[in-house]
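A quick write-up on the structure given underneath.
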Amino acid sequence: MILDDNFFEKFGVEYAPNEIIFCEFEPGNEFYFIQAGRVKIVKVINNREKTLDVLGTGDVFGEMSILEEEPRSATAIAMDRVKLLKFHRDNFDTLLQGNPQLAYKLLLIFSKRIYDAKRRLMILLLEEPQLKVMDVLIMLAEQDPHLDVQNEISLPVTAQQVASWAGMADTEVQKQLNHLNQIDKIVLYADRIVVRNIRDFQRMVTSRRKNMYS
């Protein structure tokens, strides 16, 4: 969702490559629209920095500071020169009052982002690399209500995209996918992954989570 130049004149900010936009744990009451460039969202988990997402033009980030009065849950870093629209609580209220269509779009974006953030954290908290990969495939299957999970399913995802969701190195994810392919749990293609039985993956991941919190 790209807003017009008038919005950038009033709310626009720019960041240089590798510049930190905000840090994990610091207080914040602003959120951002990306007008140009890419932003990396990272989080420290078990003393290691994990990439949660790479966002581009039209994406929104930092919105949890508007929804919850809590410290930042992750760090945002400009990957290249980025142009952002920066909103805080005060001008956010004014913006919504004058733009009901934008308010509706933001409601949809916020709802999805809350789900995505919580779902990704569930993946990252798993310790076993194979289970992380399985849970990414489970999550992608959950996002398409038209899939028949009783049968094999085709997911339009690459190994690199799985690695991004799982917070893992591309080489490690490729290793895990190759193993699952060898034992006939999945079939690998350049642009998709066919899962033979996603419910097997669901049972394994659910069982592990129960053990983690029991």
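Readers should treat all values here as calculations from the given coordinates under stated rules, not as data from a laboratory. This is a predicted model, so every value here is computed, not measured. Positions of Cβ are generated from backbone atoms using ideal geometry, with glycine treated the same way; all protein chains shown enter the neighbour counts.
Each Lys and Arg adds +1 at its Cβ and each Asp and Glu adds -1 at its Cβ; summed about the Cα centre, the range 5-124 shows a dipole of about 500 debye.
Decide, for the chain, between rounded, prolate and oblate: order the square roots of the alpha carbon gyration tensor eigenvalues as a ≥ b ≥ c, take rounded if a/c falls under 1.5, and otherwise choose prolate if a/b is larger than b/c, else oblate. Cα axes put the chain in the prolate bin.
A Cβ-based charge dipole, computed about the Cα centre of the range 73-214 with Lys and Arg at +1 and Asp and Glu at -1, lands at about 380 debye.
Taking amide H positions as modeled 1.01 Å from N, with prolines and chain starts lacking one, the residues under 5 Å from LEU52 and 5 or more places away or on another chain are ILE41, VAL42, LYS43. If you take all other residues with their beta carbon under 13 Å from the beta carbon of SER154, and give Lys and Arg +1 and Asp and Glu -1, the sum is -2. Each of TYR115, PHE92, LEU180 was placed along the dipole of the chain (beta-carbon charges, centred on the mean Cα), and the one lying farthest toward the positive end is LEU180.
Among 17-23, 172-178, sorting by the average number of other beta carbon atoms lying within 10 angstrom of each residue, highest first, gives 172-178, 17-23.
Rounded to the nearest 0.05, what FRET efficiency is calculated for MET204 and MET79 with R0 set to 35 Å and r the Cβ-Cβ distance? That pair, MET204 with MET79, gives E of 0.50.
Angle of helix 89-98 to the longest C-alpha principal axis of the chain, folded into 0 to 90 degrees and rounded to 10: 90°.
Residues whose amide H falls under 5 Å from that of THR57, counting only those 5 or more places apart or on a different chain, are GLY37, with hydrogens built in the peptide plane.
Give the angle, between 0 and 90 degrees and rounded to the nearest 10, that separates the Cα long axis of helix 198-213 from the longest principal axis of the Cα atoms of the chain. Between the helix axis and the principal axis of the chain, the angle is about 70 degrees.
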